[in-house]
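Reviewing the structure listed below.
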Amino acid sequence: MNSFPIGTRKSALAMAQTIQVQSALEEQNPTMTFPLLGMTTTGDNIQGQPLSSIGTTALFTRELETALENKECHILVHSLKDVPTKIKPGFVIGAMMKREEPNDVMVMRPAEFKELKNFGEGDVVGTSSVRRASQIRRLCPGVQVKDVRGNVNTRLAKLDAADSPYTCLLLAAAGLQRLNMDDRITIKFPQHTMLHAVGQGSIAIECRSDDEETLALIKPLDHLPTRLRCEAERSVMRILEGGCSVPIGVWTEFVVASSTNSSSGLEATSAVEASSESVKALQLKALVASLDGSDIAEAEAVADVNGSIELAVELGKTVASLLLERGAGKILEKVLRDRHTTLVPTGTGEENTVKGWEI
């Protein structure tokens, strides 16, 4: 197998991530070639409405998996946050590459700056994420949230336009960093301010589950600390049946653990990394919020996973159960109910309005 095609989306960010995988594979397999196969997905084609109103998963993966199933390529490269927690039968995430910063960031026009505490009435925040929208509404009561779709360059162009309605955009730090656009970051949100998306900052490599040769080829790219953190996060979302269209935020880190407690069996003595490659005690925080940010359920737990993916998944289940005990189910029911009635009927004069958003 000298030629090894890699499937990906056509966007600049998707290509940048895929080139990162391509380079790693070329370094490890110098006699092989890894051509890129760019594709357009359903999520790329739907630009006229917020993702929250579409109400389906696999928006950015379905067409790619069809190509993989047809053996047009051997692997797919995704942003892990775009991959459904329930993988299509016959496929598997064979590797999760070392995670970059999972934080969300605020981006303003060049030379502009405004502290978060000063945001309020009259400020327009651009985001396509209901998770970011709900948290920013909670942090900054009175702000208007306006949907903004498109790739990173398109969104930045909308912000920078002379007639732009946006005060700022909310984006993922990792996406800007992979595109060498770190200079556009105005504020980086710490985890106590905004919890990030499940899997954010990690690159997932998907392949056919029965392709042993490919699984062996990509195995060296799998980063265990990242895998443990992301499997715990994905376990929370899997239990809550969430996706891009529901406001679920998470944060994970490896910590120094000490005494036991009833919810997790361990208690973190600090919120700092125990070590750069530690895979022992894992802390997981999560929240579920209403679209307007007024209702919120939060939970956290720590467990000694000791390098075990199964124990990381169990940690996620523990946190999901705590969230459900604290009202997350009722919040998500309302989010889904609102989503199903979100589009304003034609003929009302408000066809460009979506409940909770303006498009």
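Nothing in this text is a laboratory measurement; each read-out follows from the coordinates by a stated rule. The structure presented is a predicted model; accordingly, all values stated were derived computationally and were not measured. Every residue, glycine among them, receives a Cβ derived from its backbone with ideal geometry; neighbour counts consider all protein chains shown.
What to note about this one:
- Our compactness index for segment 104-197, the C-alpha radius of gyration over the empirical 2.2 N^0.38 Å, is 0.98.
- Full-extension gain in nm, Ser308 to Gln177, via 0.36 nm per residue minus C-alpha separation: 44.2 nm
- Proximal lysines relative to Lys280, as straight alpha-carbon distance under 23 Å, when same-chain residues fewer than 8 apart are discounted: Lys98, Lys219, Lys317
- Highest-first arrangement of 213-226, 151-164, 87-100, where packing means the average Cβ count within 10 Å: 87-100, 213-226, 151-164
- Entries of Lys188/Lys334; Lys86/Lys146; Lys114/Lys158; Lys88/Lys146 with Cα pairs more than 21 Å apart: Lys188/Lys334; Lys86/Lys146; Lys88/Lys146
- Taken one residue at a time, the phi angles of segment 202-217 give Karplus couplings (6.51, -1.76, 1.60, θ = phi - 60°) of 10, 9, 9, 10, 9, 8, 6, 5, 9, 8, 4, 5, 5, 4, 5, 5 Hz. Gly and Pro are set to x.
- FRET efficiency, Asp160 to Glu121 (Cβ-Cβ, R0 25 Å, nearest 0.05): 0.60
- Potential lengthening of the chain between Lys219 and Ala67 amounts to 52.6 nm, from the contour at 0.36 nm per residue minus the alpha-carbon distance.
- ³J(HN,Hα), Karplus 6.51/-1.76/1.60, whole Hz, each residue of segment 286-291, x for Gly, Pro: 8, 9, 10, 10, 6, 4
- Inter-label distance for Asp210 and Thr40, nm, one decimal - labels placed 7 Å from Cα along Cα-to-Cβ: 3.3 nm
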